[in-house]
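What follows is calculated from the coordinates using simple rules that are stated; it is not laboratory data. Every value quoted in this text rests on a predicted model; they were computed, and no experiment measured them. Reconstructed Cβ throughout: ideal geometry from the backbone, glycine too, with neighbour counts over all protein chains shown.
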């Protein structure tokens with residue numbers, strides 16, 4: 001039989017393991033609220049995202065990408081796609097820099113999987 005010794009009132013130490021009996025309320029860990037540094041928040045300036053026209057990518061695919069990656073409703077996605085088709089490029093939406101890069105990367109990845117040259121760009125607002 002393993003002999004356990006009673007150590008301070010909140011844990012029992014046995015030869016090969018530790019058994020927690022009760023928590024001491026004064027030693028509980030409480031998650032702290034973290035605040036991002038001011039410099040990082042200022043670096044996340046808003047960027048305008050644009051889609052560019054090309055002669056290869058099907059219109060339906062562009063609408064699909066705008067709806068799934070950029071969360072744009074179908075009618076708005078079609079309007080953006082036609083604007084890009086007629087003018088060469090069209091405004092999609094304004095996002096923080098990191099989110100804009102992430103969504104543009106996701107859209108480019110999906111287009112490259114289908115071998116389409118669909119391009120997006122971002123400019124400071």
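Quick one: which helices (runs of 4 or more DSSP H) lie wholly within the range 36-119 and hold at least 2 residues that are exposed (fewer than 11 other Cβ atoms within 10 Å of the Cβ)?
Helices (runs of 4 or more DSSP H) meeting the threshold: 38-43, 74-87, 97-113.
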Requested in this report: Would you please list the contacts, defined by Cβ atoms under 6 Å and residues six or more apart or on different chains, that run from a residue in the range 97-125 that is in contact (Cβ under 8 Å) with a residue 60 or more places away in the chain to a residue that is in a helix (DSSP H, G or I)?
Outcome: 118/111; 120/104; 120/107; 122/100
Query raised in the report: Would you call residue 123 surrounded by fewer than 17 Cβ atoms within 10 Å (Cβ to Cβ) and assigned to a helix (DSSP H, G or I)?
Result: no
